[in-house]
Every structure is written in C-alpha cells, then in structure tokens.
Amino acid sequence: MRRRALPLTALVLPLALPFVLVTGGGARAADADAVARGGYIFQAAGCLGCHTNEKAGGAPLTGGRALATPFGTFFTPNITPDPVHGIGRWSDADFLRAFREGVRPDGAALFPAFPYASYTRMTDRDLLDLKAYLFAQKPQPVANRPHDLSPPFSWRFLVPGWQLLYMTAGPVADDPSKPAAWNRGRYLVDALGHCGECHTPRSLLGGLDQSRYLAGTPDGPDGDKVPNITPHPAKGLGKWSDSDLAMLLELGLKPDGDVAGGGMGEVVRNTTSKLTAEDRAAIVTYLRGVPPKE
Amino acid sequence: MNNRVVNALAAASLSALLVAGFGGMAGAADPADMVKERQQTMKKLGGGMGAVAKFVKNEGGTQEDAAKGAEAVLAVAKMDAKAVFPTGTAVGVGDSAAKPELWQNWSAAEEKWKAMQPAAMKLAEAIKGGDRAQIGQALGATSKTCGGCHEDFRVKKQ
C-alpha cells in the first residue's frame, strides 16, 4: 500500500513545495496532510530529543545537544529549515539520501551518531512526510557546533567503510507470514524508534552486534546501563505482561511502580507516549517475538 | 525577669536542644542510613503507584487497593523534599542513585518534588470516582512528575 502511494507523492511534493514557499504557507490539503502525517513520524522516530539542547534552553530542533560516545562527543545539528544553518536547502532527493545512505548533500558521509542504519528502513513516503513536517517548522539561524572527535574516528572518509560493515540500505519488506501488528511493530522498533541503537550492544567499531539484538548493554548512552528487552524470562522482559509493557510505553510506569528516568524517560516523553495505543500494542507484539537472549 | 523564670527558660531550651539533637541522631545521622531511608520512602511511593497501575491495567487490583496506593503516594508527596534528600546523600554514599546535580539545582528539584502533591491528590480523587480511564489519566500525570526528576537527577540503576 505504501509502495503504491510513493510515485504519486514523489511527483506531487517537488511541485507542491515551491508553491508553499511562494504563497508563504500551505493552503493545499495534500500538504497539510503530509505535514500532519510527518508530525507523527517525527514523534515515532524520536527526532526532537537529540536535535534539541533542552538542558541549555535551546530552541527545538536547533541541535547542539552533546552526545558523548567512546569515539568522542558529537554535537547534533540544526534541522530547522533555515537555509544557512539548517536543512532549508535540502531537496527531497538530498533528504532521502541522508536517511537511506547516510550521505550529506555535498556527498560526504554522515557520522552514524545520526542513526541512519535504522532510519534506512523507513519508507520513502514516511521520509517525505517527515521532511514536509520539518519544513513547516520555523527556520532558526542557529549555527552548528563542530563535533569533538579523536582520530581516527574524526576521519569522515572512513565512514563509508563502517557503512559497508554495519548497514544494509533500504526498507525491509513486510513478512507475509506474520500478522500486520507484528510487521508494524518491527517497523516501529527497527526503523522509526531505532530502539536497537541503545538496547543492542555495540562492537568496538560502534556497529550494532546483531547477535545480541535488543539484549541490553552496560555501556549505553551517557554511560548508562540499558536493559535487555528480549522476552528472556530472567534477564529480559519475560515476566512482564502485555499491559505492563504497554503501560511502560504509555506512562513510563514499571510493574513495581517505579517510573523510567534517564534515556527511556525521555523516549517515553517524546515518543512512545505520543503513539496511538494501536502502535504501542504493535511494539509489544513484535518484542514478544524476538529471540530471547540472556 | 526573675531568676526562676530564667532558669525555667534555660532548662526548657536545653531540653529542646537535647531532644532535637537526640531526635536527629535517633533518626538517621549516618548518611548511608539516610540513603536507605530514602529508598524505603521511594519503595512506598512505587508500591502505591504499582497498586493503582494494577487496577488500571485490570490485573486483579481492587479499587480499594488502588485507593490505599494513592494514599501512600500522597503521604510521600507531602513529605518535605529536604527530609527525603538531605545533603550529603548523593551517589557514592551507600548505594545512593541521586546525582549531585539534584542539590546543585535544588530549587528545580524541590519544585519537581512539590508537583507530585497536586497530582497525587487528583489521583486519589479519580479513584474515588471509579472511572478506569480517568484514573489512568491521573496516574499518567502523577508518573510524569516522578519521571521528570528521575530523568534529570537519578543515576541509572540495574
């Protein structure tokens, strides 16, 4: 279904965008729809958290948040439609390529701190809707702060090698042998929610160790421990009921009455609490079926 | 003032001092004990939240259990933040999970702590009403007040 809608969207958007720019705000229903759909994708993909320096009072989407990693500190970029400091000059093709291949409009590789190894699975339609939403936000002339990385990790020309090792470009086709909720759940977990970026441990080169998919890690972002969310009865979420999981995603509330803080608190606040109950249930359905890991 | 009055006053203030001193010591002078005490408080809070959640999830919790849970939440919410987070009980003391930032941003932390009380009152109110959807909403609002603090000031445990 998504596939079929794609050529039409790809055709209409390039025509519609200049129109929006000229008239200074979209009166056209098709654009308003794309922006609305894109707003949901924006939440499901958790863009706001990393691209906002909330603690320093930065304006939304102007970037500048420090992401401390073993390879150095990344500072997230401005993704408002500002033409100089943001992504205002990006074409649809630029946008698709960044998410699909991890490549900037100038052809240089993007560092995988931007989780394109997950976002590469997003459909074209979702990506273009997301772009429509981002381009409907206020441009903010906030300059980007350069990353603070130590060689060789600062060498951008090495990144394509990383991409060869750790990234399979393009969306993954739905598995027809599985129910729709499972397929939707997998898309929400793997493509949009990029859950594995924190819940799957990384190799020394920073790629995800898929043999330990969603099994948690002691060295998550900011040095935090990240729990195992496979259905393993002792080490994972095997003892949680479906409604326990749904409640965590909706309210951040765990079965013992504790409330998630840290990274997951932010994910609940910005993403999972904003999803439809149906999408949360799909995530639960999918997580129930991943291989249990110790 | 005659001597007798002065003596009486002195004795009274001395005993007040003694009581305060011993009271403090009998409570929790040892920082590690204060951390343990806080963990008990948080357990009580979590137990209360969990009881309400069980009812909302319709997993065997009764409305009465939920009401008791909300009562426990409210009791903790009414505690003074200074009593729950005495200085000198940051991470490193016992198995404290409180970041030093909590005290560096004390007014923000205290404000967040205080935000729990109106939320907990609404939660208790909703449980009296008995409507599961409304209780769920109030529970969400209450857990949000917990989460804000956990996000900023709690070291990740596990």
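Only the coordinates and a few stated rules stand behind these numbers; no lab work does. Here the structure is a predicted model, which is why all the values come from computation and not from measurement. Using ideal geometry, Cβ is built from the backbone for each residue, glycine included, and neighbour counts are taken over all protein chains shown.
Residues whose amide H comes within less than 5 Å of that of A:T52, counting only those at least five positions distant or on another chain, are A:L61, A:G63, A:R65 (H built at 1.01 Å from N in the peptide plane).
In debye, nearest 20: dipole of the protein assembly as shown around its Cα centre with unit charges on the Cβ of K, R (+) and D, E (-)? Provide the component values of the computation, followed by the final result.
On the way: 51 positive and 45 negative charges, 40 e Å.
For this selection, approximately 200 debye.
Peptide A:225-234 has a mean of 1 when you count, residue by residue, the C-beta atoms of other protein chains within 10 Å of its C-beta. Legend: Rg and Dmax of the stretch A:180-288, from Cα coordinates, 13.2, 37 Å. Taking amide hydrogens as placed 1.01 Å from N in the peptide plane, the amide H of A:T271 sits under 5 Å from that of no residue at least 5 positions away in sequence or on another chain. Phi angles of the stretch B:112-123 translate, via the Karplus equation with coefficients 6.51, -1.76, 1.60 and θ = phi - 60°, into HN-Hα couplings of 5, 4, 5, 5, 5, 4, x, 5, 5, 5, 5, 5 Hz per residue; Gly and Pro are given as x.
Rg/Rh for chain A stands at 0.95; both radii use Cα atoms, and Rh follows the Kirkwood definition.
When the square roots of the Cα gyration tensor eigenvalues are ordered a ≥ b ≥ c, the ratio a/c for the stretch B:30-153 is 1.5 or more and a/b exceeds b/c, which makes its shape prolate.
Distant-in-sequence amide contacts of A:V103, defined by a placed amide H-H separation under 5 Å and a gap of 5 or more residues or a different chain, comprise A:A98, A:L110.
When Lys and Arg each count +1 and Asp and Glu each count -1, what net charge do the other residues less than 13 Å away from B:V93, Cβ to Cβ, add up to? Kindly include the intermediate steps, with their values, before the conclusion.
Values: positive: B:K36, B:R38, B:K99; negative: B:D30, B:D33, B:E37, B:D95.
With Lys, Arg at +1 and Asp, Glu at -1, the net is -1.
A simple rule links phi to the HN-Hα coupling: the Karplus curve 6.51 cos²θ - 1.76 cosθ + 1.60 with θ = phi - 60°, which for the stretch A:67-74 gives 10, 7, 9, x, 9, x, 9, 8 Hz, with x for Gly and Pro.
Given only helices, namely DSSP H runs of n ≥ 4 each adding -39500 (n - 2.57), what is the per-residue ellipticity at 222 nm of chain A, to the nearest 500 deg cm²/dmol? Each step should come with its number before you reach the end.
Values: 12 runs with 118 residues, N = 294.
Here the helix-only value at 222 nm equals -11500 deg cm²/dmol.
Of the DSSP H helices in chain A, those with a Cα length along their own long axis of 24 Å or more and a mean Kyte-Doolittle hydropathy reaching -0.5 comprise A:2-23.
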